[in-house]
Amino acid sequence: MLAMANVVPAIAQPAQGASPDFGLTFVLPLALGSTLNPINSTMISTALAPIAADFDASVAQTGWLIAGLYLTSAVAQPTMGRLADLFGPRRIYLISLMLVALAGIGGAIAPSLWALVAVRVLLGIGTSGAYPSAMRIFRSRADKLGKAPPRTAMGILSLAAISTQAFGPILGGFITGAFGWHAIFTVNVPLALLTAILVLLWVPRDPPRVAGLSDLAREIDMAGVTLFAAALLSLMVFLMNLDQPMWWVLPISALFWTLFWFHSLRREQPFIDVRMFTTNIPLTVTFLRVTLILLIPYCIMYGFAQWLESSAHYSPAAAGLVTLPMSVMAAACSLLGARTKGLRAPFIIGAGGGLVGCVSLLFLHSDTPVWLLAAAVMFIGMPLGMTASPTQTAIFLQAPASEMGVAAGLQRTFTYFGAIGAASLLGVMFGSHPTDHGFHTLAMVMTAMSAILLVFVVFDRTLPRGAVG
């Protein structure tokens, strides 16, 4: 995250060549809010082992701390995006920040693992409003000015999210080591309040509200939300118990997915416009690509620190520090991806780097020297950082302006599908606690997925070959 001491002077005087319409006073509050979901997603990675020890929980049980936030976010992101389109993104942004602050307080007093899962659910709702609101605010200003946002401005938004996502394990490790795992929740209180103050000061007010509360039932597809949540929850119950498969859950999940699909086709303004997936193939491919790309880094974000702490007996702070090269690589690649003119090359480079990293993991053991651990995991930062800004640009180009908020929310929803897949893999591969054998099995699965991803992006015809914007 950008240091405030460096940001404030830049705010007063826009950098040479920068667009004053998308200056730092406009971008900074949006970038800070966009960090809330990724930083809360990854800070907990180094706290999972201490939480499991405190509550005598298995990897699969603590996995619900990961999956619970992502399940909620997968449902809430499109909903909050739609609310931002209807009632104004600034209003939704501020409401979301207050929910984040409340979750921070709740995490400090949670008495049990499942109470903590409930706090993560609330946190998922609150953090889900920031990113689609920010994208909607960007699009509104672009439409008002009659020009697209500069790639640099979009890159700052991407860099803020990716940097905090990548540095989350380090920050979480130090906070957990110094203050205990409860502090990774309470840190949300000052962060949310600071962001809210900057939004009030620097983000333009929404135009007079067109939609009213009476329009909520008509505009928000509560039946669709319910069916989607039920379908996703039942699928997650199956995925989180793959070590002892609950096969009877699959037909229930399939039924909910079928009902959700046909309900969405019949409704004029559905929760998720499934017609978009069949009529806008490039956007659909972009969403699927997001899931495949981020599945690999999420396996490492949540699995690597647990393995180091449980098998190699690293402290939370030390486990977080081992991931520092990955974080630096992700941040550097995020900057490079934002400055690259085309869309195809960043995806190919990111997928190739991820494959190198996954192969390297096969040679690690609990007694491997720390510098080799850090060097191997460094390459996992490439798909995380290299593809962030190009993905945002692709969605900006492919989604209709009237559905930008929903499309931005769906981007995060498909991101969460990757995280949910990672949580289920970790539960199966690690069992009650991580071991070298479980880690190597996970690395083999990740290597196969990385190879498939590389072939996918190389032959992806939805990605333009030339420069973009």
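The values are calculated or read from the model by the stated rules, or taken from the named source; none is laboratory data. In this text, all values refer to a predicted model and were calculated from it rather than measured experimentally. Cβ: placed from backbone, ideal geometry, glycine included. Neighbour counts: every protein chain shown. Keep in mind that these areas ignore ligands, DNA and RNA; they rest on the heavy atoms of the full protein, side chains included. Shrake-Rupley method; radii C 1.70, N 1.55, O 1.52, S 1.80 Å.
Among the residues of segment 17-57, those that are in a loop (DSSP other than H, G, I, E, B) and at pLDDT 85 or above comprise THR35, ASP56, ALA57. On the stretch given as segment 73-96, residues that are open to solvent by 20 Å² or more (accessible area, probe 1.4 Å) and at pLDDT 90 or above total 4. Within segment 257-281, the set of residues being open to solvent by 50 Å² or more (accessible area, probe 1.4 Å), within 25 Å of the chain's Cα centre (by Cα) and touching a residue at least 12 places away in the same chain (Cβ under 8 Å) comprises TRP257, TRP261, ILE281. Scanning segment 358-378 for residues that are in contact with a Gly (Cβ under 8 Å, 6 or more places away or on another chain) and open to solvent by less than 20 Å² (accessible area, probe 1.4 Å), which turns out farthest from LEU159 (Cα to Cα)? Checking each candidate, the answer is ALA376.
Yes/no matrix, rows are residues, columns are (1) among the polar types (S, T, N, Q); (2) more than 19 Å from the chain's Cα centre (by Cα):
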site	(1), (2)
TYR70	no, no
ARG91	no, yes
VAL119	no, no
GLY124	no, no
PRO132	no, no
SER140	yes, yes
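Among the residues making up segment 35-51, none is over 16 Å from ALA319 (Cα atoms) and open to solvent by 20 Å² or more (accessible area, probe 1.4 Å).
Among the residues examined, ALA192 qualifies as assigned to a helix (DSSP H, G or I), of a type in the set (A, V, I, L, M) and within 26 Å of the chain's Cα centre (by Cα). Of the helices (runs of 4 or more DSSP H) that lie entirely inside segment 366-433, those containing 1 or more residues that are at pLDDT 80 or above and touching a Lys or Arg at 6+ places or on another chain (Cβ under 8 Å) span 388-398.
Residues that are out of contact with any strand residue (DSSP E or B) (no Cβ under 7 Å at 6 or more places or on another chain), more than 29 Å from ILE272 (Cα to Cα) and buried (at least 24 other Cβ atoms within 10 Å of the Cβ): does segment 381-392 have at least one? So far as segment 381-392 goes, yes, one or more of its residues are out of contact with any strand residue (DSSP E or B) (no Cβ under 7 Å at 6 or more places or on another chain), more than 29 Å from ILE272 (Cα to Cα) and buried (at least 24 other Cβ atoms within 10 Å of the Cβ).
Pairs are defined by a Cβ separation below 7 Å, a sequence spacing of at least 6 or placement on different chains, a first member in segment 236-248 that is at negative phi, and a second member that is among the β-branched types (Val, Ile, Thr) and surrounded by 17 or more Cβ atoms within 10 Å (Cβ to Cβ); the pairs so defined are MET236/ILE420; VAL237/VAL249; PHE238/VAL249; LEU239/ILE420; LEU242/VAL428; ASP243/VAL428. Is it true that LEU295 is closer than 26 Å to LEU364 by Cα and either touching a Ser or Thr at 6+ places or on another chain (Cβ under 6 Å) or touching a residue at least 24 places away in the same chain (Cβ under 8 Å) (or both)? In short, yes. Under the condition of being in contact (Cβ under 8 Å) with a residue 24 or more places away in the chain, more than 23 Å from the chain's Cα centre (by Cα) and farther than 16 Å from ALA312 by Cβ, the residues counted in segment 357-368 number 2. I'm checking my understanding of the structure. Among residues of segment 221-240 that are more than 20 Å from the chain's Cα centre (by Cα) and closer than 17 Å to GLY418 by Cα, which one is surrounded by the fewest Cβ atoms within 10 Å (Cβ to Cβ)? The residue in question is VAL237. Would you pick out the residues in segment 334-351 that are over 8 Å from THR387 (Cα atoms) and open to solvent by less than 10 Å² (accessible area, probe 1.4 Å)? Matches in segment 334-351: LEU343, ALA351. Of all the criteria given as (1) within 21 Å of LEU86 (Cα to Cα); (2) of a type in the set (A, V, I, L, M, F, W, C); (3) in a helix (DSSP H, G or I), the one not satisfied by PHE256 is (1).
This table checks each residue for (1) at pLDDT below 90; (2) in a helix (DSSP H, G or I); (3) open to solvent by 10 Å² or more (accessible area, probe 1.4 Å).
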position	(1), (2), (3)
PRO132	yes, yes, no
ILE137	yes, yes, yes
ILE175	no, yes, yes
TRP181	no, no, yes
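None of ASP206, ASP243 is open to solvent by 70 Å² or more (accessible area, probe 1.4 Å), assigned to a loop (DSSP other than H, G, I, E, B), touching a helix residue (DSSP H, G or I) at 6+ places or on another chain (Cβ under 7 Å) and not aromatic (Phe, Trp, Tyr) except ASP243.
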